[in-house]
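This report refers to the structure that appears directly beneath it.
The values are calculated or read from the model by the stated rules, or taken from the named source; none is laboratory data. The shown structure was predicted, so the numbers you read here are calculated from the model rather than taken from an experiment. Note: areas computed on protein heavy atoms with side chains; ligands, DNA, RNA excluded. Shrake-Rupley method; radii C 1.70, N 1.55, O 1.52, S 1.80 Å.
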Amino acid sequence: MVKVMKRIAVLSALCCALPMLLAARSEAQTPHAGKLIVKVTGFHDTDGNLLLLVRSDANTVVAKQTVEIDSKTMTAQATIEDLPEGVYGVFALHDANKNGQLDFDGVGMPLEGYGHTNNPEKRMGPPNFDETKITLGKADMTFEIRLIYWP
């Protein structure tokens, strides 16, 4: 009878502990939702606004945010929240005419300022995603994008 009582006690303890262990395991497997804090500098003027696109790969936009430009500091700052841990690239556009896209002149030169995470150098054509990617871990991340303008 004592052995049976011990088995019942052990089984009861296991039954109570099992949901807690499964919940802890599930929580450990759920990616942390973090935030990116983006400061954008180098504005030539304060016309329009700043458009930020957060991409998880070259073709997938996972977040989009429009921010006003601070006329005193000629900068803009945005916080993109609730991003799971992972690899991202951020594209910043000084959308001077607020049409939601980068505008070009007749020969294909950008008419508005733009930039990317990791601040790749100015050149013809956009950088590839690998040049702009950052890794968001458990900690929130703050970084600066410097805008590029063409004459």
How would Lys39, Lys64 line up by accessible area, probe 1.4 Å, largest first?
Lys64, Lys39
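Using the heavy atoms of the protein chains alone and a 1.4 angstrom probe, what is the accessible area of the range 45-89 per residue in square angstrom?
Details: 2450 Å² over 45 residues.
The answer is 55 Å² per residue.
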Round to a whole number: what % of the accessible area of the range 41-151 belongs to carbon and sulfur, probe 1.4 Å?
49 percent
Over 19 Å, how big is the tail of the calculated P(r) for the range 19-151, in percent of all Cα pairs?
52 percent
Can you tell me the Rg and Dmax of the range 73-151, counting just the alpha carbons, in angstroms?
13.9, 45
